[in-house]
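Here the structure is laid out as structure tokens; the discussion comes afterwards.
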Amino acid sequence: MAPLPAGRPPLGGTPLLPRTPRSSLPTADEASAWADVLVHRRLLHTAVLAPTGQWLVQHTANGPVHVLDDPADIVELAAAIQHAIRSARPETR
């Protein structure tokens, strides 16, 4: 069996450690990339950057529109969605 890439635990091994805090704020480009992924994967209905720099986010087509203040809020939303998906998965190891 081939060795695993560095930094990846073997199946059934110890879980990954929490990431260290960011050293810089997320950029508009990073937020836009995350918004595109969330919409493409149908985890959000829409995410639109307003001219004010705020993000308009809608979880479902008929749901309320939420206003997020800056790129960091989009990245935090993506992290929260990822966490919810991962914690909802049954443990298969």
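Taken together, the values in this text are just the output of simple stated rules run on the coordinates, not laboratory data. Since this is a predicted model, take the numbers as computed values, not measurements. All Cβ positions, glycine included, derive from the backbone under ideal geometry; neighbour counts span all protein chains shown.
Details
- Multiplying the residue separation of Leu43 and Leu56 by 0.36 nm and removing their Cα-Cα distance gives an extension gain of 3.2 nm.
- Pairwise label distance in nanometres, Arg89 with Ser24, each label 7 Å out on the Cα-Cβ vector: 3.0
- Our estimate of slack between Asp70 and Ala33, defined as 0.36 nm per intervening residue step minus the Cα-Cα distance, is 11.9 nm.
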